[in-house]
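This report refers to the structure that appears directly beneath it.
The values are calculated or read from the model by the stated rules, or taken from the named source; none is laboratory data. From a predicted model like this one, the values you see are computed outputs, not experimental measurements. Here Cβ is always computed from backbone atoms with ideal geometry, including for glycine, and neighbour counts include all displayed protein chains.
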């Protein structure tokens, strides 16, 4: 763990979701795509697997396209319609899109899992800080339902998802929305996340202290660029967060 001064003035902590509180790396992404592909084939028949993979990879990077990027979140219904158009050269009906959106949501909920230690850590932190979650994902309901399934929701004072805002991190409006719900300033709100662009650069540009979590590799990978801000700390286990926050009221870290 990086040795740095503690964060003595923190009143709230905002966590990223995928690859921070839960693993959502290549194994989970591949299983998600397998399940979604199976649902698509049940409606339309077999498709070109290479074309499907290329399209899904492009979907994941679409919000970061452009120079400069607009950081616009994709709409799940429009994404699915474009995928069907690409694979089958036809337009999907509204009822088919609704069924596939449910399949997408169910696939996500099924493939993500939080380790038991996560809930215990959140419960301990909630006694001392306001807690928020700020996630890049096009379907806000999928995030919330997965949190409900794992009994994480009750630990949070705020849950903000890019799919509900129409923008993805590092857009400043995403961080502003989370801070607004928590009622805290950037300086007194710690952000914890994995993605170099979305989380590290986004939080630092928003004026927040930032802890970079490096246990899992995100599928959306961004190399550091000249002039990028450095995180205030780097950890590979969530439990390493506790010593950075100083002692609790009982005097223990």
Spot the failing condition for residue 154; the list is (1) assigned to a helix (DSSP H, G or I); (2) touching a residue at least 12 places away in the same chain (Cβ under 8 Å); (3) farther than 24 Å from residue 72 by Cβ, and only one is missed.
(2)
Can you go through 134, 197 and tell me which one is under 13 Å from the mean Cα position of the chain (by Cα), under 22 Å from residue 9 (Cα atoms), in contact (Cβ under 8 Å) with a residue 12 or more places away in the chain and surrounded by 14 or more Cβ atoms within 10 Å (Cβ to Cβ)?
134
Among the residues in the range 157-176, are any over 30 Å from residue 53 (Cβ atoms), over 19 Å from the mean Cα position of the chain (by Cα) and not in a helix (DSSP H, G or I)?
no
Condition check: touching a residue at least 24 places away in the same chain (Cβ under 8 Å), surrounded by 14 or more Cβ atoms within 10 Å (Cβ to Cβ) and either over 26 Å from residue 170 (Cβ atoms) or touching a strand residue (DSSP E or B) at 6+ places or on another chain (Cβ under 8 Å) (or both). Does residue 7 satisfy that?
yes
Do any residues in the range 53-71 that are within 14 Å of residue 222 (Cβ to Cβ) and in the same structural domain as residue 83 (by TED's automatic domain parsing) have Cβ atoms under 6 Å from those of residues that are outside any strand (DSSP E or B) and modelled with pLDDT under 95, where the two are at least six apart or on different chains, and which pairs are they?
60/220
Take the residues in the range 27-57 that are under 23 Å from the mean Cα position of the chain (by Cα) and exposed (fewer than 13 other Cβ atoms within 10 Å of the Cβ), then tell me which one is nearest to residue 107 (Cα to Cα).
34
Lone qualifier among 107, 92, 114, 120 - being over 24 Å from residue 24 (Cβ atoms) and either surrounded by 18 or more Cβ atoms within 10 Å (Cβ to Cβ) or out of contact with any helix residue (DSSP H, G or I) (no Cβ under 8 Å at 6 or more places or on another chain) (or both):
92
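Within 30 Å of residue 41 (Cα to Cα) and part of a loop (DSSP other than H, G, I, E, B), is that true of residue 92?
Here the answer is yes, as residue 92 does meet what is asked.
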Suppose the filter is more than 26 Å from residue 222 (Cβ to Cβ), outside the structural domain of residue 236 (by TED's automatic domain parsing) and touching a residue at least 24 places away in the same chain (Cβ under 8 Å); does residue 96 pass it?
yes
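Yes or no, residue by residue, for (1) crowded, with 19+ Cβ neighbours inside 10 Å; (2) assigned by TED's automatic domain parsing to the domain that holds residue 172; (3) under 23 Å from residue 171 (Cβ atoms); (4) more than 20 Å from the chain's Cα centre (by Cα):
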residue: 201; (1), (2), (3), (4): yes, yes, yes, no
residue: 206; (1), (2), (3), (4): yes, yes, yes, no
residue: 209; (1), (2), (3), (4): yes, yes, yes, no
residue: 213; (1), (2), (3), (4): yes, yes, yes, no
residue: 219; (1), (2), (3), (4): no, yes, yes, no
residue: 223; (1), (2), (3), (4): no, yes, yes, no
residue: 231; (1), (2), (3), (4): yes, yes, yes, no
residue: 241; (1), (2), (3), (4): yes, yes, no, no
Which of the residues spanning the range 66-89 are out of contact with any helix residue (DSSP H, G or I) (no Cβ under 9 Å at 6 or more places or on another chain) and either part of a loop (DSSP other than H, G, I, E, B) or buried (at least 17 other Cβ atoms within 10 Å of the Cβ) (or both)?
67, 68, 89
